[in-house]
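Take a look at the structure below.
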Amino acid sequence: MQYWVKVTFVDNKELEFQDAIRHTISDDMEILEIDTPKEVTIIPLRQIKYFSCDAGVFNKS
């Protein structure tokens, strides 16, 4: 299942992924990892103001 993830940084710049297949936060709460079919993006959480994703990710079928 692919879904969107939007990241807003502390400087108010935004990065949006329309084809995310997974996003995770590291165990130490330091890194946000966003996986797409073509790339893996790793962002330090201290650079992020907030992030949001498609709520359909949390539906149980």
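The values are calculated or read from the model by the stated rules, or taken from the named source; none is laboratory data. Just so it is clear, the structure is predicted and the values come from calculations on it, not from any experiment. Glycine gets a Cβ as well: all are built from the backbone with ideal geometry, and neighbour counts include every protein chain shown. Each accessible area value is taken on the protein alone, full model and side chains, heavy atoms only, with ligands, DNA and RNA left out. Shrake-Rupley method; radii C 1.70, N 1.55, O 1.52, S 1.80 Å.
Results, tabulated for the structure shown:
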| quantity | calculated |
| --- | --- |
| Simple label model, 7 Å out from Cα along Cβ direction - residue 10 to residue 45, nm | 1.4 nm |
| 1.4 Å probe accessible area per residue over the chain, in Å² | 74 Å² |
| Additional length obtainable on full extension of the chain from residue 52 to residue 28, 0.36 nm per residue less Cα span | 6.6 nm |
| With every protein chain in place, the chain: carbon and sulfur % of accessible area (1.4 Å) | 51 percent |
| Cβ crowding within 10 Å averaged over residues, with 26-33, 13-20, 2-9 ranked highest first | 2-9, 13-20, 26-33 |
| Cβ-based charge dipole, the stretch 1-49, positive-most Cα from 24, 40, 4 | 4 |
| Inter-probe distance in nm under a simple model that places probes 7 Å from Cα toward Cβ, at residue 19 and residue 3 | 1.9 nm |
| Charge dipole magnitude, Cβ of K and R +1, D and E -1 - the chain, Cα centre, debye nearest 20 | 180 debye |
